[in-house]
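Engineer: My structure is below; once you've seen it, I'll send some questions.
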Amino acid sequence: MAKSGDKSSSGGKKSLKRKAAAEELQEAAFAGDGATESEGQPPNAAAFPPGFSISEIKNKQRRHLMFTRWKQQQRKEKLAAKKKLKKEREALGDKAPPKPVPKTIDNQRVYDETTVDPNDEEVAYDEATDEFASYFNKQTSPKILITTSDRPHGRTVRLCEQLSTVIPNSHVYYRRGLALKKIIPQCITRDFTDLIVINEDRKTPNGLILSHLPNGPTAHFKMSSVRLRKEIKRRGKDPTEHIPEIILNNFTTRLGHSIGRMFASLFPHNPQFIGRQVATFHNQRDYIFFRFHRYIFRSEKKVGIQELGPRFTLKLRSLQKGTFDSKYGEYEWVHKPREMDTSRRKFHL
């Protein structure tokens, strides 16, 4: 019994020694530069020899402390330079030089030879003779069929129903095991101009097929970041039956121009401005963000917006000539990640 008591007492002494050593280490880590620590100011530049790196500090607590001080000093210097530049611009007034444009991946993108020039005669001829010319000339009114994959779950069904309230003159029908090759002829006989198919995986919408009828083209998109109306915070009231306005942003290449015209042909080209509803397709780095808003005039100079939903993000996977045919179809463009995604500044839309 005495031996066991001795062991416990020796173990207690060891734990006390460890605690004392840890306290000494902590005091050593926070010791020195007492005035700078209490005042919350960074250390002097002379505290480190030239060429010294904070990563060389072996003590983890001390290294973390010095790194936070260094970051704090960087923020203060950046803020001071910003304030100084602002005062100089205010003093110069109208003679102040223009603000420098920040470098981003978007404005540093690699130039694409297929970038569309609005004044190009060839582009104007293509627009006047393509499959969507009659929609832009208001000769054809769109009629949309929205359907799902086989055996859809509740989230996909609700997304289709909410899309039908966004796109005028659209109808939701369920597949019931029918193949798309059988659905497309029925759509053509019933004067549908477009077919939208929402695919899902693990009860979540993950794909969208947009097929223009009767002669194509057909686009296949990957769908992500789906948010239904109930999942959007501070959303407005449900949309009305007014025809919304359409915004197509940043579709600059020939491929992007074709995709933008496909989206625009889903909506009638006589928006009812009294509804104050806007459907936006915004392309950024080849990701197409869909948003549906209602704008509100708060005053003569201020305008507020309310998101109505749903929202989702699309990524183009392929563009196919004609209607949907996965086996014998002729593809105009197919996304090949290993060959096309070699540069972060190369975009296709």
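The values are calculated or read from the model by the stated rules, or taken from the named source; none is laboratory data. Values in this document were obtained by computation on a predicted structure and should not be read as measured data. As a convention, Cβ positions derive from the backbone with ideal geometry for all residues, glycine included, and neighbour counts pool all protein chains shown. Note: accessible area is taken over every heavy atom of the protein model, side chains too, but ligands, DNA and RNA are not part of it. Shrake-Rupley method; radii C 1.70, N 1.55, O 1.52, S 1.80 Å.
Engineer: Give, to the nearest whole percent, the P(r) tail of segment 249-329 beyond 15 angstrom, counting all Cα pairs.
Structural biologist: Above the 15 Å cut-off, segment 249-329 has 68 percent of its Cα pairs.
Engineer: Of the listed pairs Lys222/Lys346; Lys103/Lys230; Lys103/Lys315, which have alpha-carbon separations greater than 27 Å here?
Structural biologist: From the list (Lys222/Lys346; Lys103/Lys230; Lys103/Lys315), the Cα-Cα distance tops 27 Å for Lys103/Lys230.
Engineer: Accessible surface of Arg345 in the full protein assembly, 1.4 angstrom probe, to the nearest 10 Å²?
Structural biologist: Approximately 100 Å² for this residue.
Engineer: Next question, about the same structure. Assuming R0 = 35 Å, can you tell me the calculated FRET efficiency for the pair Lys336 and Val101, based on Cβ-Cβ distance, to the nearest 0.05?
Structural biologist: Taking R0 as 35 Å, the efficiency between Lys336 and Val101 is 0.60.
Engineer: Computing the accessible area with a 1.4 Å probe over protein heavy atoms, can you report the carbon and sulfur percentage for the chain?
Structural biologist: 52
Engineer: Need one number: % antiparallel among DSSP beta bridges in the chain, to the nearest 5.
Structural biologist: 75
Engineer: Additional query: Return the calculated 222 nm mean residue ellipticity for the chain, to the nearest 500 deg cm²/dmol, obtained by summing -39500 (n - 2.57) across DSSP H runs with n ≥ 4 and dividing by the residue count.
Structural biologist: Helix contribution divided over all residues of the chain: -11000 deg cm²/dmol.
Engineer: Keeping every protein chain present and rolling a 1.4 Å probe, give me the accessible area per residue for the chain in Å².
Structural biologist: Accessible surface, normalised per residue, equals 66 Å².
Engineer: Moving to a separate point now. When the chain is fully extended, how far beyond the present Cα-Cα distance does Leu228 get from Arg202, taking 0.36 nm per residue of separation?
Structural biologist: Taking Leu228 through Arg202 to full extension adds about 7.7 nm, to one decimal.
Engineer: Can you tell me the orientation of helix 254-264 relative to the chain, as the angle in degrees between its alpha-carbon axis and the longest Cα principal axis, to the nearest 10?
Structural biologist: 70
Engineer: For the charge dipole of the chain, defined by +1 on Lys and Arg C-beta atoms and -1 on Asp and Glu C-beta atoms about the Cα centroid, which residue among Tyr331, Gly260, Tyr173 has the Cα displaced farthest towards the positive pole?
Structural biologist: Tyr173
Engineer: Here is a follow-up. Which of these values of Cα Rg over 2.2 N^0.38 Å was calculated from the structure shown: [x] 1.01; [y] 1.51; [z] 0.91?
Structural biologist: Correct label, based on the coordinates given: [y].
Engineer: Rounded to the nearest 10 degrees, what's the angle between the helix 2-30 long axis and the longest principal axis of the chain, both from Cα atoms, 0 to 90?
Structural biologist: Value to nearest ten degrees: 70.
Engineer: How far, in nm, would the chain grow between Arg317 and Ala128 when pulled straight, counting 0.36 nm per residue and subtracting the alpha carbon separation?
Structural biologist: Stretched out fully, the Arg317 to Ala128 stretch lengthens by 65.4 nm.
Engineer: Moving to a separate point now. Which value, in debye to the nearest 20, gives the size of the charge dipole of segment 119-341 about its Cα centre, when Lys and Arg are +1 and Asp and Glu are -1 at the Cβ?
Structural biologist: 1480
Engineer: For segment 119-341, calculate the relative contact order in percent as a whole number, restricting contacts to Cα pairs under 8 Å that are 6 or more residues apart.
Structural biologist: 20
Engineer: Okay, next question. Would you work out the Kirkwood radius for segment 63-105? I mean one over the mean of 1/r across all pairs of different Cα atoms, in Å.
Structural biologist: By the Kirkwood definition, the hydrodynamic radius is 12.7 Å.
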